[in-house]
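Have a look at the structure below before the remarks.
Derivation of every value follows stated rules applied to the coordinates shown; laboratory data play no part. All figures in this text were calculated on a predicted structure; none of them were measured in a lab. Because the Cβ atoms are built from the backbone with ideal geometry, glycine has one as well, and the counts that use them run over all protein chains shown.
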Amino acid sequence: MITTRLPLPGPGPTPDRPHSYGPGTPHTPLRPSWACRADGEPWPCAHARLALKAEYDRNLAALTIYLAGLMYEAMRDLYHLNPHDGPGPQQMYRRFLGWSPFRRPIFERPE
Ligand SMILES: [Zn+2]
């Protein structure tokens, strides 16, 4: 039997990074709002970005895959929380993947 229904995607990666390296609260996302558990900023906050860059320093492709999976999870959560005024796809892309050095051009063009 041929069907046009696609299977539902499975769950994404567990948002357990960056790891905590001290006694403080780790800068991991609090679901379903995707705010930082430590400082309440939209995740990934500045601390999380810095720690993720350090943690994935030798494998930026893995960092991109991890963040893309979490972006999908966040889009699903945030859409269910607020289907009308939630962040759009471009905003989510910039928040989760656009900051990565893996995505930046080699040089910044003058404006
Ligand atoms: Zn944080």
Quiz item: Which whole-number percent gives the relative contact order of the chain, counting Cα pairs below 8 Å spaced six or more residues apart?
Solution: 21 percent
Practice problem: Pop a pseudo-label 7 angstrom from the Cα along the beta-carbon direction at both His84 and Arg31 and give the gap in nm to one decimal. | Solution: 2.7 nm
Quiz item: In vacuo Debye scattering of the chain, one point per C-alpha: log10 I(q)/I(0) at q = 0.22, 0.23 Å⁻¹?
Solution: -1.28, -1.36
